[in-house]
Amino acid sequence: MMLKSYLPDILRRYAIAGLAIGSLTALVFWAVESYAGVHIAQAALHASISPLALALGIGPAVLALFLIAIGLRNSRLARQLAHERASVHSLRQAAYHDNLTGLRNRHALSEDVAALVADSAQDERVAVMLFDLDRFKNINDTLGHGAGDQVLRVLTRRIERHCGGAQQVYRLGGDEFVVLWKDVPNDAAIGRFCTRLAEAVFTPVDYGNVTIDTAGSIGVAVMESGTVVLSDLLKRADLALYRAKETAGSSHCFYTDSMDSDYRLRRDLETDMRNSLSDGAFGVDYLPIYEAGSPRPVGFTAHLKWAHPLYGDVAPKLFMAMAEQSGLVVMLGKWMLCQVLDDAANWRSGIDVTLPVSPAQLATPGFAADVAEALSVAGVAPSRLVCDVFCNAISADDRIAMTEIDTLRRSGVRIAVSDFSAGIAGLAMNRVHPIDRVRLDTDHIKAIAGEARFVQMLSLFLQLASTVDIPVTLTGVDSRKDLECAISAGAVEVEGCFAGPALSATEVRELTSVGAAASGDGRMQLAS
């Protein structure tokens with residue numbers, strides 16, 4: 001054991017052993033010569049010439065060579081075994097770990113969950129926390145996959161620093177991460193952990209000269225006593241994550257049984273949406289835009305409607321939210337673009353049409369080219385089309401969206417910015433990225449200022465827009481009182497249901513016909 005400690009190489013151990021045996025034989029002959037005298041040694045020398053003596057003399061040397069050969073063979077086998085063990089370790093590392101971040105992967109998570117289910121006590125609770133990044137695809141598309149990889153590596157280090165020995169971190173792929181927490185005390189502890197995790201992880205990441213903002217949400221599924229497979233746990237956590245994303249900013253949500261029924265309904269509605277595009281269940285209505293004080297509309301805003309065969313008219317806020325989350329909004333938007341331009345081709349040439357555009361459409365390369373092609377096919381002048389986007393869809397960091405918007409504006413299409421924050425963010429953004437119009441919602445202004453100060457607040461926004469020379473369309477003017485307040489505040493263009501419900505394409509054509517326009521036959525009647 002001592003020799004093995006000092007000489008871990010087996011080849012050297014056998015060589016030393018052979019050398020020791022040979023040296024010991026020579027030492028014996030020397031000792032005999034010294035002790036018995038020269039004559040006895042000479043007699044021994046003559047005797048050593050005999051075959052027996054030669055065999056006894058050569059034997060130790062042969063034994064030493066034999067031991068060296070065994071050492072060489074064993075050393076070669078040891079190196080081969082070490083190489084095979086390293087290969088097995090490398091293969092296991094690749095099978096159970098993510099190459100980019102070094103975290104354990106989905107395969108490892110599956111085995112760990114199965115082991116926990118098999119070994120868990122009756123009252124032990126295991127939490128699965130699933131989270132991903134908002135707009136991660138946009139990071140890859142605008143800054144490149146190198147930036148996306150850097151964000152994932154930085155977030156991995158932050159997650160590992162935040163998690164303790166009770167939590168194990170996994171990367172499922174893409175921007176999806178899982179934290180597995182065994183024997184969690186209660187839901188309150190999970191909630192506190194998720195809050196601190198979001199605060200620690202979702203902070204800006206530096207990449208070269210660019211600072212990348214990160215945000216995300218967390219879905220939590222808790223495994224109580226009983227047998228649960230990983231796919232069920234991840235499905236529950238994903239449903240909770242889906243619900244958490246409905247809340248603005250970084251948040252977390254626990255899975256409940258009602259989410260499963262909501263998911264089935266949503267999945268069925270998404271399937272119905274796909275089928276409805278070909279079945280003709282979708283349609284477009286148009287809400288007039290008036291110049292304040294004039295009874296004739298100067299344009300119309302398109303609104304998508306859906307007549308479901310079972311549920312009837314589905315609220316746009318409901319199905320558009322599902323379309324955004326499922327990715328169907330790009331398909332719906334393309335259909336709506338073609339339909340709106342086909343309808344506008346039959347209207348009087350001076351009438352504009354405002355088309356809502358989703359962030360997903362702007363984030364799709366080639367959107368501006370699709371618009372140009374649809375305008376050409378319909379024979380509608382680009383100046384008649386106003387693309388209405390939400391202010392959060394236009395960011396200086398979103399190169400794809402800014403490129404598409406710039407291409408649209410250079411072709412003659414106008415850009416309007418909606419949402420309440422457009423009153424400030426949209427107007428300020430005009431310095432670097434020009435826009436053509438701001439659309440302000442009366443309901444949002446009332447929610448901030450209240451009914452009593454609505455006119456004063458609206459006047460401030462209109463003055464701000466006038467200072468930077470951007471026209472404003474006031475939307476949500478649904479009553480005579482709203483109209484009077486808008487005119488009192490100085491609004492130039494108003495839109496809403498104050499003059500009646502939205503119109504079909506045929507009704508718009510009749511309303512904007514040359515005869516109706518010449519006679520002043522419109523739907524808006526102003527108070528004197």
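The values are calculated or read from the model by the stated rules, or taken from the named source; none is laboratory data. Model, not experiment: these values are computed from the prediction. Every residue, glycine among them, receives a Cβ derived from its backbone with ideal geometry; neighbour counts consider all protein chains shown. Protein only, heavy atoms only, side chains kept; ligands, DNA and RNA dropped before computing areas. Shrake-Rupley method; radii C 1.70, N 1.55, O 1.52, S 1.80 Å.
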Q: Report the residue count in the range 481-518 for those that are modelled with pLDDT of 85 or more, on the phi > 0 side of the Ramachandran plot and either surrounded by fewer than 18 Cβ atoms within 10 Å (Cβ to Cβ) or of a type in the set (D, E, K, R) (or both).
A: 1
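Quick one: in the range 361-379, which of the residues that are out of contact with any Cys (no Cβ under 8 Å at 6 or more places or on another chain) and crowded, with 21+ Cβ neighbours inside 10 Å is farthest from L440 (Cα to Cα)?
Of all residues in the range 361-379, those out of contact with any Cys (no Cβ under 8 Å at 6 or more places or on another chain) come to 361-370, 372-373, 375-376, 379.
If we keep only those that are crowded, with 21+ Cβ neighbours inside 10 Å too, we end up with 361-362, 367-368, 375.
On the way: Q361: 22, L362: 21, F367: 25, A368: 25, L375: 27 Å.
Residue satisfying both the conditions and the ranking: L375.
Do the conditions hold for V154, that is, is it part of a helix (DSSP H, G or I) and out of contact with any Ser or Thr (no Cβ under 6 Å at 6 or more places or on another chain)?
Values: part of a helix (DSSP H, G or I): yes; out of contact with any Ser or Thr (no Cβ under 6 Å at 6 or more places or on another chain): yes.
Judged against the criteria, V154 is a match.
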Q) Which pairs do you get when a residue that is modelled with pLDDT of 85 or more, found in the range 403-429, comes within reach of a residue that is β-branched (V, I, T) and surrounded by fewer than 17 Cβ atoms within 10 Å (Cβ to Cβ), reach meaning Cβ atoms under 8 angstrom, with the pair 6+ apart or on two chains? A) none
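Can you say whether T271 is within 28 Å of R414 (Cα to Cα) and at pLDDT 80 or above, as far as the supplied structure shows?
Numbers: within 28 Å of R414 (Cα to Cα): no; at pLDDT 80 or above: yes.
Criteria not met by T271.
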(Q) Tally up the residues in the range 288-307 that are without any contact (Cβ under 8 Å) to a residue 60 or more places away in the chain and surrounded by 15 or more Cβ atoms within 10 Å (Cβ to Cβ), please. (A) 4
Q: Tell me which of these S250 doesn't satisfy, since it passes every other one: (1) open to solvent by less than 20 Å² (accessible area, probe 1.4 Å); (2) more than 30 Å from V472 (Cα to Cα); (3) in contact with a Gly (Cβ under 8 Å, 6 or more places away or on another chain); (4) not acidic (D, E).
A: (1)
**Q.** Within the range 190-234, tally of residues that are touching a strand residue (DSSP E or B) at 6+ places or on another chain (Cβ under 9 Å) and not in a loop (DSSP other than H, G, I, E, B)
**A.** 24
Q. Which of the residues spanning the range 181-207 are closer than 17 Å to R161 by Cα and hydroxyl-bearing (S, T, Y)?
A. T195, T203
Q: Evaluate the following for A237: is it within 22 Å of N105 (Cβ to Cβ) and assigned to a helix (DSSP H, G or I)?
A: yes
Q: Could you tell me whether the range 139-152 includes any residue that is touching a residue at least 60 places away in the same chain (Cβ under 8 Å), under 24 Å from T247 (Cα atoms) and open to solvent by 30 Å² or more (accessible area, probe 1.4 Å)?
A: no
Q: Kindly establish whether Q339 is open to solvent by 50 Å² or more (accessible area, probe 1.4 Å), in a helix (DSSP H, G or I) and touching a strand residue (DSSP E or B) at 6+ places or on another chain (Cβ under 8 Å).
A: yes
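Tell me the residue from D268, D285, D262, D272 that is part of a strand (DSSP E or B) and open to solvent by 10 Å² or more (accessible area, probe 1.4 Å), please.
Numbers: D268 fails: part of a strand (DSSP E or B); D262 fails: part of a strand (DSSP E or B); D272 fails: part of a strand (DSSP E or B).
Within the list D268, D285, D262, D272, the selection yields D285.
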Q) Within the range 98-133, can you find the residues that are surrounded by fewer than 17 Cβ atoms within 10 Å (Cβ to Cβ) and either at pLDDT 90 or above or part of a loop (DSSP other than H, G, I, E, B) (or both)? A) N99, L100, G102, A121, Q122, D123, E124
Q: Scan the range 191-209 residue by residue and report those that are open to solvent by less than 50 Å² (accessible area, probe 1.4 Å) and either touching a Phe, Trp or Tyr at 6+ places or on another chain (Cβ under 7 Å) or closer than 16 Å to T142 by Cα (or both).
A: V205
